Amino acid sequence: MHRSFWLKFSVFNFFIVALLGVIMRYKILYALPFLDQKHLQEAHSHFAFYGWITTAIYVLILHYLSKVNPALRLKKYETLIIINLAASFFMLGTFIYGGYFWASIVGSTVALLCSFVFGYFFLRDSRQIKDLSKIWFLAGFFFAIISSLGVFNLGYMKMSDNITQDMYLGSEYYYLHFQYNGFFIFSCIGLLLYSLKEAGVEISVQKNKLIFWLMFVGCFIGFGLSVLWVEMPVYIFAAIVLATIAQTVGAVMLYGFVKKTWTNLVLKWSPMQRFVLMFAGFAFAVKIALQLGSTIPAVNQFAFGFRNVVIAYLHLVLLMCIATFLINQILATNYFTITKKLLLGLKLLLLGIFLNEFVLGLMGIFSIKYIAVPFAKEVLLLCAVLMFFAIFWMFVHMKVRKDRL
């Protein structure tokens, strides 16, 4: 299959994620007794991670490999993409049916093992590559692999029926942290740096290494931010704070580099591409600021004590930052004809994402005083419907360019 097929398939999977989002929002307001909300949430999150985001990252890395080393044989990666997709759809069905049980655990295990093999192949093939984005992708796969410990521990606790609240939450946050702060973010930074290189601006070796190690250490030790509610020695807390500061410095340096390249981007990128980069960049900046703020114990207790705040934060990172960036990268491959109809879908998607995040943020802020935002559930359902329609509209109007067939 041509890479344009897999990229369009990943957008179709994003559409399925949005459909599940609409069903969950609908179920909060109205009865759908034949569907379990907890099972839907588990299907939604796992399919979003593997069916949509991981698939898109795999195909975009494949596209990257074909450019930096055209002599590489990529068939093995395409096979892994098919296995990952099969596991993703298997998870989708089994999680909706019964949540965590042996079948859904088998599906998630296959998807995880797939990332191990993909990472191994990339490590082996990357020895022939001199490009500076390489270390970001390698780090992404490293984080994807270590995140699996959280899933395996969750699976073990579920199967053995030996669940403690702290260990369950800790395992869940461990997996989520190293997936979205590790695998997803580092892969996106690798893609961004290569896109900037194609626009005519390459980061220096020294600056790339410095930013990388600041953010790597920050991410690795930064898992501690997710479990600050656990009693820990002062020196461990101090290490977590220092790591968070290091990651903040790395992020600021990355922003500085992108800002310096802006003149080149104005010449090489379309206004819409630049706007989406600013949109995703704004979300990333808020994420970094919130991480730094959460080193204050009172702020951390608030963040993890209110479900609305947790949901708002996850959507900020996964939807407003990572998903919009990946859509931008997919369209930037030049496999698809950029029409007014396609751009309309993208604009509607950005509007839906922004409104969704705005309402979730308001709910989080007002929940401090236990004040309910009027009609918030209805507005969130409308936002979910808008995003669902926008992604469907984009998918329908993603036409492969004749010269790229």
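The values are calculated or read from the model by the stated rules, or taken from the named source; none is laboratory data. None of the values given here were measured: they were computed from a predicted structure. Because the Cβ atoms are built from the backbone with ideal geometry, glycine has one as well, and the counts that use them run over all protein chains shown.
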Requested in this report: Sort out for me the helices (runs of 4 or more DSSP H) sitting completely within the range 233-299 that have 2 or more residues that are within 22 Å of residue 180 (Cβ to Cβ).
Outcome: 234-260, 271-293
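Results for (1) in contact with a strand residue (DSSP E or B) (Cβ under 8 Å, 6 or more places away or on another chain); (2) part of a helix (DSSP H, G or I); (3) aliphatic (A, V, I, L, M), shown as yes or no for each residue.
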site: 157; (1), (2), (3): no, yes, yes
site: 171; (1), (2), (3): no, yes, no
site: 182; (1), (2), (3): no, yes, no
site: 202; (1), (2), (3): no, no, no
Report task. Scan the range 357-405 for residues that are in a helix (DSSP H, G or I), of a type in the set (Val, Ile, Thr) and farther than 22 Å from residue 310 by Cβ and report the count. Result -> 3
Requested in this report: Please go through the range 334-356 and pick out each residue that is loosely packed, with under 15 Cβ neighbours inside 10 Å and under 21 Å from residue 194 (Cα atoms).
Outcome: 334
Report task. Give the residues of the range 371-405 that are of a type in the set (Gly, Ala, Ser) and farther than 17 Å from residue 21 by Cα, sorted by residue number. Result -> 372
Query - Every residue from the range 257-273 that is under 15 Å from residue 328 (Cα atoms) and touching a residue at least 12 places away in the same chain (Cβ under 8 Å) - result: 265, 268, 269, 270, 272, 273
Report task. Test each condition in (1) surrounded by fewer than 22 Cβ atoms within 10 Å (Cβ to Cβ); (2) touching a Ser or Thr at 6+ places or on another chain (Cβ under 9 Å); (3) among the small types (Gly, Ala, Ser) for residue 31 and report the one that comes out false. Result -> (2)
Query raised in the report: Which residue out of 9, 47 is modelled with pLDDT of 95 or more, surrounded by fewer than 21 Cβ atoms within 10 Å (Cβ to Cβ), touching a Ser or Thr at 6+ places or on another chain (Cβ under 8 Å) and assigned to a helix (DSSP H, G or I)?
Result: 9
Query raised in the report: With respect to residue 178, is the statement that it is modelled with pLDDT of 95 or more, of a type outside the set (Ser, Thr, Tyr) and either within 15 Å of the chain's Cα centre (by Cα) or surrounded by fewer than 18 Cβ atoms within 10 Å (Cβ to Cβ) (or both) true?
Result: no
Requested in this report: Can you work out which of the residues in the range 124-140 that are modelled with pLDDT of 95 or more and aliphatic (A, V, I, L, M) is surrounded by the most Cβ atoms within 10 Å (Cβ to Cβ)?
Outcome: 139
